[in-house]
Each structure stands twice: as C-alpha cells, then as structure tokens.
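The values are calculated or read from the model by the stated rules, or taken from the named source; none is laboratory data. Being a predicted model, the structure only gives us computed values, none of them experimental. Cβ atoms come from the backbone with ideal geometry, glycine included; neighbour counts cover every protein chain shown. In case anyone asks, the SASA skips ligands and DNA or RNA and just uses the protein heavy atoms, side chains included. Shrake-Rupley method; radii C 1.70, N 1.55, O 1.52, S 1.80 Å.
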Amino acid sequence: MESLGIEQVQVIILAGAIVALVARRLHIPYTVGLVVAGLIAGGVVSFFPIPLEIHLSKDLLFRVLLPPLIFEAALYIDWKKLKLDFALVSVYATVGVVLSAAVTALFMNMAAGWTWDAAVLFGVLIAATDPVAVIAIVKEAGLKGRLRLLVESESLFNDSTAAVGFAVALAVASGISAGIGSSVLMMIVSVAGGILSGLFAAGISLLVIRSTEDHLVELSMTTVAAFGSFWLAEHFQTSGILAATTAGLVVGNFAARGTITSRGLEYIKSFWDFAAFVANTIIFIILGISLAFQDFALAIIPAVVAVVAIQVGRAVAVYPCSALFGWTSRRVTATHQHILFWGGLRGALALALALSIPTALPYRQAILTVTFAVVAFSVFVQGLTIPLLLRRTGLIRAQNNAQL
C-alpha cells in the first residue's frame with residue numbers, strides 16, 4: 001500500500017487550509033482550488049524540501065481516505081426521507097449505471113477505435129459518479145433538501161454496480177469467462193456482503209455506545225464503524241462503500257433517537273467534519289499532483305471522445321430513469337434532472353479502478369490517461385459550473401428558504 005509520511009500530510013493540510021481561505025475569497029469551489037494547488041506543486045516539485053512523489057492508488061484510497069468520507073456523508077442522511085426515494089435511487093444506481101457504461105463503451109469502440117475489451121472496461125469504470133467529488137461539491141455549494149439527498153445517495157449506492165461490472169469486464173479482458181448468471185451472483189454477493197458488513201460493524205459499535213456515557217468512547221466507536229465496516233467488506237471482496245454507507249446510516253439514525261449523548265454528538269460532528277476536510281484535501285491535492293505528470297498529447301482524440309461519451313451516457317442514464325417515475329408522487333422535476341445530469345462528476349474512484357488494471361493488458365496506459373482527462377474535465381468544467389447552475393436556477397436560494 002502506498003503511504004504518506006507525516007511531513008507530507010502536514011504540508012498537504014497546510015496547503016488545504018490556505019486554499020480554503022483563497023477559494024472563499026475568489027468564490028470558487030474548494031475542491032477546484034485543491035487540484036490547482038496540486039498542479040502547481042507538481043510543476044515545481046523540485047523546489048520543495050519534502051518529497052512529493054505521491055500518487056493515488058486503490059489501496060491508499062480504499063484503506064485510508066474513502067471510509068471517513070463515505071461514513072461522514074451517510075451519517076447525516078435521514079433514513080425516513082431516503083426510504084421515500086429508495087426505489088428511484090436504486091434505479092439510478094443500477095439501470096442508470098448499466099446504460100451509461102453501455103453508451104460510453106459504444107462511443108469508445110466506434111468513435112475512438114478502441115477494442116471492445118478496452119471500451120467496455122473503460123465504460124464500466126467511468127460509469128458510476130464518484131462519491132468523493134460529488135459529495136464535496138454539493139456540500140460546498142450549500143445544496144439541501146430532496147435534490148441533495150438524490151445526488152448524494154446515488155453517488156454512494158452506484159459504486160456496487162460499477163465495481164461488480166468492472167470485476168466482470170476485467171475478468172473477460174484477462175481471458176476468464178464470466179456468464180450472466182455468475183455476474184448476477186457477483187452483484188448479489190457484493191451488495192449483500194456490503195450491507196451485512198455495515199450492519200455488523202454498526203451493531204457492534206452501538207452496543208458499546210449504549211453501555212457508556214463517555215463521549216470519547218462514543219466517538220471512538222464511530223471510527224470503528226466507519227473503517228471496520230469498509231475494511232471488513234473489502235476483505236470479503238464486497239462493496240466497502242456500501243458497507244460504510246450502511247454503517248453511517250445506522251449510526252446516524254440511531255444517534256438521532258438519543259442513543260448517543262448530546263456531548264458525544266457535538267464531538268462526533270466536529271471530528272467527522274474535520275476528517276472529511278483532511279481526506280478531501282489529501283485526495284484532491286494528490287489528484288492535482290498526478291495530473292501534472294500526465295501527457296495528454298497522444299490521447300487527445302480518445303479523451304475528447306470520452307468526455308462526450310460520458311455526458312451522453314449520463315443523459316441516457318438520468319432522463320429515462322427519471323421518466324419511469326414521472327407519473328408517481330416521487331417524480332423528479334426537469335430542473336432537478338438537469339442538476340443530476342451535470343452533477344455526475346467522476347474523480348478519484350474511477351482513477352483507483354483504472355490503476356488496478358493489470359500492467360499486462362496492453363491498453364492499460366491508454367485507459368489510465370483518458371480517465372485522468374475525464375476527471376480533469378469533471379473537476380474544472382463541471383465543478384466550476386455546478387454552483388453557477390444552481391444559482392442560475394435559484395435552487396440554492398430556494399432550498400435555503402424552503403427545503404425542497
């Protein structure tokens with residue numbers, strides 16, 4: 001596993017604090033500022049006394065950085081509200097991901113000239129919206145109400161579909177046959193294993209919490225729930241993101257019922273806000289450093305095709321899936337659908353999957369470079385324009401006054 005030295009972490013957190021101040025003054029998204037800071041650091045790395053040879057890896061992301069971000073986001077989701085839209089979110093996270101992956105793969109094969117193996121592998125890994133990027137943007141933009149619930153919950157739940165699809169596509173690309181039956185079984189096992197892992201870790205944590213009124217013990221057990229659920233699920237090759245999501249939902253909703261003391265709640269909120277800040281800072285600065293060392297010149301055509309493909313794929317995923325609920329009480333307004341479409345950011349999660357492709361596959365570097373290009377587009381184009389779109393449509397102002 002790639003690790004970070006304490007000196008590197010200190011420098012990154014210091015940079016994050018400075019970026020936060022500058023971004024607020026310039027009225028730009030904090031995450032965009034972090035990536036820019038990373039790009040600058042990567043460009044002048046030789047002038048830094050502390051080594052900055054840091055790269056995103058699946059181990060670093062999954063074992064250290066993703067659990068606190070996913071848990072913190074799920075901690076504040078109201079299950080009663082989520083339950084009302086659970087069918088809609090499930091369709092986005094399953095049918096939507098499959099449609100998006102299929103459209104993207106078709107574009108990469110027909111327009112970019114990639115083989116079907118490479119096109120399908122890329123289509124699947126890039127299909128799911130990235131929970132890290134999406135949650136960071138919507139929180140910073142001040143999005144509230146039902147739309148925020150839909151955006152966040154979809155990004156948290158669609159990982160399972162993409163992860164299983166990626167495993168199947170990678171197996172096929174590596175010469176291992178995988179039929180429809182085994183693929184469906186993998187999906188069921190991944191989802192069920194993730195949920196069970198989350199329930200188990202949350203249950204153990206809540207048992208301890210209910211036996212004490214010590215706020216430090218309460219806080220420590222939430223960290224057990226967050227990391228324990230994620231690591232347990234990944235150990236059994238099931239969905240760690242779904243596990244941490246489940247654990248966060250359970251702990252957060254039980255806390256709202258008085259299971260955790262009022263002092264414990266204050267400490268828990270402060271701690272997880274800070275943990276999310278640190279994790280986001282590390283992820284987006286390292287992302288910027290990694291982007292600085294990418295050579296996009298040889299992949300410009302596939303990159304452009306990919307950017308167009310994922311937008312078309314996202315549109316095919318959002319609008320038809322929303323139309324299925326158009327005549328029900330859970331219909332999604334056209335404005336909300338537009339935000340869901342443009343808010344489908346890709347980020348570190350897609351890069352982690354791309355980095356896990358074996359070096360033996362000849363098209364690994366092409367997929368990795370194009371994935372970096374797509375992530376750069378998501379951060380700089382979509383990330384900068386989403387707040388503007390929210391303000392133009394009046395959603396931020398309207399939701400602050402009347403929780404839509």
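Summary table
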| read-out | value |
| --- | --- |
| Residue check for Ile300: surrounded by fewer than 17 Cβ atoms within 10 Å (Cβ to Cβ), among the β-branched types (Val, Ile, Thr) and at pLDDT 90 or above | yes |
| Long-range neighbours under 6 Å by Cβ, at least six apart or interchain, first residue in a helix (DSSP H, G or I) within region 16-39, second open to solvent by 40 Å² or more (accessible area, probe 1.4 Å) and not aliphatic (A, V, I, L, M) | Tyr30/Glu140 |
| Any chance Ser290 is hydroxyl-bearing (Ser, Thr, Tyr), surrounded by 19 or more Cβ atoms within 10 Å (Cβ to Cβ), more than 21 Å from Val138 (Cα to Cα) and out of contact with any Cys (no Cβ under 7 Å at 6 or more places or on another chain) | yes |
| Thr238 more than 14 Å from Trp272 (Cβ to Cβ), in contact (Cβ under 8 Å) with a residue 12 or more places away in the chain, in contact with a helix residue (DSSP H, G or I) (Cβ under 6 Å, 6 or more places away or on another chain) and not in a helix (DSSP H, G or I) | yes |
| Number of the condition not met by Thr238 [criteria: (1) surrounded by fewer than 16 Cβ atoms within 10 Å (Cβ to Cβ); (2) modelled with pLDDT under 90; (3) polar (S, T, N, Q)] | (1) |
| Selection from region 1-54 of residues that are small (Gly, Ala, Ser) and modelled with pLDDT of 65 or more | Gly5, Ala15, Gly16, Ala17, Ala20, Ala23, Gly33, Ala37, Gly38, Ala41, Gly42, Gly43 |
| When residues of region 198-235 are limited to those that are closer than 24 Å to Ser153 by Cβ, of a type outside the set (A, V, I, L, M, F, W, C) and open to solvent by 10 Å² or more (accessible area, probe 1.4 Å), the one nearest to the chain's Cα centre (by Cα) | Glu234 |
| Yes/no for Pro320 being in contact with a helix residue (DSSP H, G or I) (Cβ under 9 Å, 6 or more places away or on another chain), surrounded by fewer than 16 Cβ atoms within 10 Å (Cβ to Cβ) and assigned to a loop (DSSP other than H, G, I, E, B) | no |
| Residue tally, condition modelled with pLDDT of 80 or more and surrounded by fewer than 24 Cβ atoms within 10 Å (Cβ to Cβ), over region 55-67 | 6 |
| Leu287 modelled with pLDDT under 95, under 22 Å from Val97 (Cβ atoms) and not β-branched (Val, Ile, Thr) | no |
| Where a residue in region 366-392 is under 29 Å from Gly113 (Cα atoms) and its partner, wherever it lies, is among the aromatic types (Phe, Trp, Tyr) and open to solvent by less than 50 Å² (accessible area, probe 1.4 Å), with Cβ under 6 Å and at least six apart | Ile367/Phe122 |
| Test: residue in region 352-364 that is within 24 Å of Pro320 (Cα to Cα), surrounded by fewer than 24 Cβ atoms within 10 Å (Cβ to Cβ) and out of contact with any Cys (no Cβ under 7 Å at 6 or more places or on another chain) | no |
| Single unsatisfied condition, Ala171 versus (1) surrounded by fewer than 18 Cβ atoms within 10 Å (Cβ to Cβ); (2) in contact (Cβ under 8 Å) with a residue 24 or more places away in the chain | (2) |
| Filtered residues of region 103-129 (kept if modelled with pLDDT under 95 and within 25 Å of Arg331 (Cα to Cα)) | Ala127, Ala128, Thr129 |
| Residue under evaluation Val332, criteria (1) outside any helix (DSSP H, G or I); (2) open to solvent by 10 Å² or more (accessible area, probe 1.4 Å), criterion not met | (2) |
| Matching option when the condition is farther than 18 Å from Ala133 by Cβ and polar (S, T, N, Q), among Ser262, Ser290 | Ser262 |
| Number of the condition not met by Ala243 [criteria: (1) surrounded by 20 or more Cβ atoms within 10 Å (Cβ to Cβ); (2) within 25 Å of the chain's Cα centre (by Cα); (3) more than 20 Å from Leu60 (Cβ to Cβ); (4) of a type outside the set (Asp, Glu)] | (3) |
| Leading residue by the ranking (nearest to Met186 (Cα to Cα)) among those in region 250-274 that are aliphatic (A, V, I, L, M) and open to solvent by less than 20 Å² (accessible area, probe 1.4 Å) | Val251 |
| Residue check for Asp295: open to solvent by 30 Å² or more (accessible area, probe 1.4 Å), among the charged types (D, E, K, R) and part of a helix (DSSP H, G or I) | no |
